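Right, one structure below, let's go through it.
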Amino acid sequence: MKQKSVCVVGGGAAGMMAAITAAREGAKVTILEAGDRLGKKILATGNGRCNLGNLMLDVGCYRGSCRFLREALASFGTKETISFFEGLGLMIKDKNGYLYPFCEQASAVLDVLRHEIKELGIRVEYDVKVSGVMPKEKQGFLVKSQHGSMDFDHVVITCGGKASPKTGSDGSGYEIARKLGHRITEVLPALTFLKCKESFFKSIAGVRTDAEITLYKKDGEKLCAERGELQLTEQGISGIPTFQLSSVAARSLLRTKEIPASIDFLPDVQEAEISELARKRLLLCGERSIEEFFTGILNKKVMAVLLKTAGLKPADSSKTLTEKRIAEVIRLAKSFRVTVVGTGDFQNCQVCSGGVDCGQITQNMESKIVRGIYFAGEILDVDGRCGGYNLQWAWTSGHIAGISAAGRREE
Ligand SMILES: Cc1cc2nc3c(=O)[nH]c(=O)nc-3n(C[C@H](O)[C@H](O)[C@H](O)COP(=O)(O)OP(=O)(O)OC[C@H]3O[C@@H](n4cnc5c(N)ncnc54)[C@H](O)[C@@H]3O)c2cc1C
């Protein structure tokens, strides 16, 4: 078989994986990268530690239009990711199922990828911003940039989405895909914070607490819930549980201006235990103020907001409290109502939900619209939960696209 020339547009996680795989399959590979370095975003992942995968890999951890996700993850999943990186010399650490490089430095992940790219003789062109990919009359493609056109047999488009544009992903990949005839599903920020309407958030900013957050539809039906460490900010709620809910919130906010939500600040206290807890606490009433009486149940700043919402004055004597009133405060702590009015923007999100419609992509990551064009990574309409799932998608889809573009997985 003639050696294929493969152009990878975008040198992020998916692009580097696609390039390495295609080169290992015998293709002559060139990466065209708009920035001045490869894998800039990888350095920011996992707070600089790079959560590169997860032992608990499941299709349920992803959203989007990909019908062949199960097959894709089965062909290159966690096990394959570990052996790929171990093969590059990277030792991997498992922290409760979350995978990191042993040294917990994201730069190590990037270094081994860059080293392999060099070893394989992959050509890398920096500061080349691709503006379009044109199918040639008979076969092959012209890849256009500010420097002119280049000629390739196959093209893998891995430009990422719009999340964190300072790392290079400015959404220009969607335009390239659109010009080739691809449908782009609505692109929204995901894995980001939630903005809330209430002004009291200013007084509880900075608090971190274990809690459960639930989003509801307007009619009160539960949309979704997540538990973990919430970070309360001036604007609303942040932290991993909020990130996990944010793409649902962003989609709902397209249809409605406000989403009712509740925070359970006492997720380990069951409804059945509340009366008993209130009865026991009542025995502690006495010379203390209400504020002192409730000390130690919740973070002090949060408790102050709760007491105000419950119509209690912190300085009043706790002798005024009844068992019923105490139970009401505990119930309020378990179901504290807030109103979500927005999410973080593309600058502040970790990934995008939406993108190139996977209904127009084959299992080999090849375009059904223009044969010889492949897609991988975040540019596709696939987004994962927090926990290594988005990089896993970049590795999985990049690997499949690389094999296919080199010519081994013809359909
Ligand atoms: C702060 C932060 C933390 C994260 N932490 C994690 C984590 O711990 N675990 C996890 O799984 N995921 C994490 N993610 C998500 C994960 O990093 C991304 O999903 C993944 O890197 C996407 O890879 P990609 O190759 O598809 O796109 P990108 O990494 O965005 O790469 C796209 C590349 O294409 C280039 N490019 C764009 N347009 C063009 C063009 N027109 N021409 C040429 N080049 C172009 C860009 O410069 C860039 O280099 C995090 C994201 C952020 C922002």
Check your understanding: Can SER145 be described as near the ligand (Cβ under 9 Å from one of its atoms), over 30 Å from MET91 (Cβ atoms) and touching a strand residue (DSSP E or B) at 6+ places or on another chain (Cβ under 9 Å)?
Key -> yes
Review point. Would it be correct to say that THR21 is crowded, with 23+ Cβ neighbours inside 10 Å, farther than 21 Å from ASP383 by Cβ and of a type in the set (S, T, N, Q)?
Key: yes
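Within the range 218-275, take every residue that is among the hydroxyl-bearing types (Ser, Thr, Tyr) and closer than 26 Å to GLY387 by Cα and give me the one that is surrounded by the fewest Cβ atoms within 10 Å (Cβ to Cβ).
It comes out as SER262.
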Practice item. Take LYS202 and decide whether it is farther than 28 Å from ASN47 by Cβ and either within 15 Å of the ligand (Cβ to nearest atom) or more than 19 Å from the chain's Cα centre (by Cα) (or both). Key: no
Practice item. With respect to ALA74, determine if the residue is assigned by TED's automatic domain parsing to the domain that holds GLU119, surrounded by 15 or more Cβ atoms within 10 Å (Cβ to Cβ) and modelled with pLDDT of 95 or more. Key: no
Review point. Of all the helices (runs of 4 or more DSSP H) wholly in the range 296-411, which have at least 2 residues that are buried (at least 16 other Cβ atoms within 10 Å of the Cβ) and of a type in the set (Lys, Arg)?
Key: 323-334
Study note, to complete from the structure: Listed by first then second residue, the pairs whose first member lies in the range 359-370 and is of a type in the set (Gly, Ala, Ser), whose partner is buried (at least 18 other Cβ atoms within 10 Å of the Cβ) and assigned to a loop (DSSP other than H, G, I, E, B), with beta carbons under 8 Å and at least 6 positions apart or on separate chains, are GLY359/SER65; SER367/LEU180; SER367/HIS182
Check your understanding: Could you count how many residues in the range 143-160 are more than 33 Å from the chain's Cα centre (by Cα) and assigned to a strand (DSSP E or B)?
Key -> 4
**Study point:** Given (1) among the small types (Gly, Ala, Ser); (2) in contact with a His (Cβ under 8 Å, 6 or more places away or on another chain); (3) within 16 Å of the ligand (Cβ to nearest atom), index of the condition SER353 fails
**Key:** (2)
Check your understanding: Any residue at all in the range 278-285 that is under 41 Å from the mean Cα position of the chain (by Cα) and in contact (Cβ under 8 Å) with a residue 24 or more places away in the chain?
Key -> yes
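Please specify each residue of the range 91-142 satisfying the condition of being of a type in the set (S, T, N, Q), within 19 Å of GLY39 (Cβ to Cβ) and not in a helix (DSSP H, G or I).
GLN105
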Point to revise | First in the range 28-51 and in the same structural domain as GLN146 (by TED's automatic domain parsing), second anywhere and near the ligand (Cβ under 6 Å from one of its atoms) and among the basic types (Lys, Arg), Cβ under 7 Å, 6 or more apart | key: ALA34/LYS129
Check your understanding: Right, ALA44: touching a helix residue (DSSP H, G or I) at 6+ places or on another chain (Cβ under 6 Å) and among the small types (Gly, Ala, Ser) or not?
Key -> no
Check your understanding: So which of GLY121, GLY161, GLY140, GLY132 ends up being over 13 Å from VAL9 (Cβ atoms), near the ligand (Cβ under 10 Å from one of its atoms), touching a strand residue (DSSP E or B) at 6+ places or on another chain (Cβ under 9 Å) and not aliphatic (A, V, I, L, M)?
Key -> GLY161
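The values are calculated or read from the model by the stated rules, or taken from the named source; none is laboratory data. Predicted, not measured: the structure shown is a model, and the values here were computed from it. Using ideal geometry, Cβ is built from the backbone for each residue, glycine included, and neighbour counts are taken over all protein chains shown.
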